[in-house]
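Chemist: This structure is in structure tokens; I'll ask about it shortly.
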Amino acid sequence: MNRSGRPIAEGALVSFPRRIAVVTAALIGCLIPASAGAVVGGNEVQATAYPWLAAVGSPLSHLVRPSGQFCGGALIAPDQVLTAAHCVQVAQQLPEWLTVTFGRSDLRSGDGVTATVAAVRIDPDFRTDVVDGVLVYHHDVAVLTLTESQARPTVEIGAPHGSSGTVLGWGGTSDSDSSNTRLRTAIVPFATGADCARAYPGAFDAREMVCAGSTDADTGDFDSGGPLLADDGKLVGLTSWGRGAAQAGFPGVYTRLPAPF
């Protein structure tokens, strides 16, 4: 995913985070920052159940991805969508190349409403590291300001709590899948900070990150920026990075909310 955590191949400079599609990046190239990265396990779900859920994309990536989608996001105010910084970093100077679509269960359909983006603001402390062959994102959060306010419900932000959360996304259903187009949801167990630190020594920071996932349920490619919800429906995290998808001992890593920026 731009869950950005596929291991870096020997001899490569970097690998894409779980939520970035390599081909999308190549197409968008110099024009906008490519960023991406269905849910492993779980079930298909209708987008109408989550009217604030956004598919973040670009017309430039329509040739390689239905609806041009490469990341997820969440409407937190009538004209503001929260997503991962690594999804939109390259689009800061060209926000008009981004689109945000609500109410689309299958990316191959024309359902829902698509809005354009007027501005991109990323956390000023956003940065990337490579630790043990995994691309790691710090302070991985951004706000997209839409050109028009949306007359639809927003999602409330809260702090992580409880023993499990819910993830949503149109991304890969396995570590090798990049073809899924249907929205899926799964329940993922939260991992303790100690367990996550053991999984990602030198990379995990509990002040800005939270871990969740198992071999039965996880997020995958093209899920980056999508929501992690607590059991009360509050948005408590954004899909960010991890080592593969649903790999034993390596839960997914999410940007912890609320983020101070």
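Chemist: Stretch residue 195-residue 77 to full length: gain in nm at 0.36 nm per residue minus the Cα-Cα span?
Modeler: Values: separation 118, 0.36 × 118 = 42.48 nm, distance 3.40 nm.
Using 0.36 nm per residue and subtracting the Cα-Cα distance, I get 39.1 nm.
Chemist: I've got another one for you. Using R₀ = 25 Å, calculate the FRET efficiency as 1/(1 + (r/R₀)^6) where r is the Cβ-Cβ separation of residue 44 and residue 148; round to 0.05. Before the final figure, lay out each step's value.
Modeler: Numbers: r = 30 Å, r/R0 = 1.18.
Here the calculated transfer efficiency is 0.25.
Chemist: Let me ask something else. Under the Karplus relation 6.51 cos²θ - 1.76 cosθ + 1.60, θ = phi - 60°, what is the ordered set of whole-Hz ³J(HN,Hα) values for the stretch 86-93, x standing for Gly and Pro?
Modeler: The phi angles translate into 5, 6, 10, 4, 6, 9, 4, 8 Hz.
Chemist: May I ask you to give the percent of accessible area on the stretch 78-226 that is carbon plus sulfur, with a probe radius of 1.4 Å? Can you show the working numbers first?
Modeler: Numbers: 2950 of 6130 Å².
Summing carbon and sulfur atoms, their accessible area is 48 percent of the total for the stretch 78-226.
Chemist: Sticking with this structure for a sec: For the stretch 177-251, which trypsin sites (Lys or Arg not before Pro) are both in a DSSP coil and crowded by at most 15 other Cβ atoms within 10 Å?
Modeler: Details: sites: 182, 184, 198, 207, 234, 243; in loops: 207, 234, 243.
Loop-located and lightly packed - 207.
Chemist: Hey, can you find the accessible area per residue of the stretch 102-168 for me, probe 1.4 Å, expressed in square angstrom?
Modeler: Working: 3080 Å² over 67 residues.
Heavy-atom accessible area per residue stands at 46 Å².
The values are calculated or read from the model by the stated rules, or taken from the named source; none is laboratory data. Just so it is clear, the model here is predicted, and its values are computed rather than measured. So basically every Cβ, Gly included, is an ideal-geometry build from the backbone, and we count neighbours across all protein chains shown. What goes into the accessible areas is simple: the full protein's heavy atoms, side chains included, and nothing from ligands, DNA or RNA. Shrake-Rupley method; radii C 1.70, N 1.55, O 1.52, S 1.80 Å.
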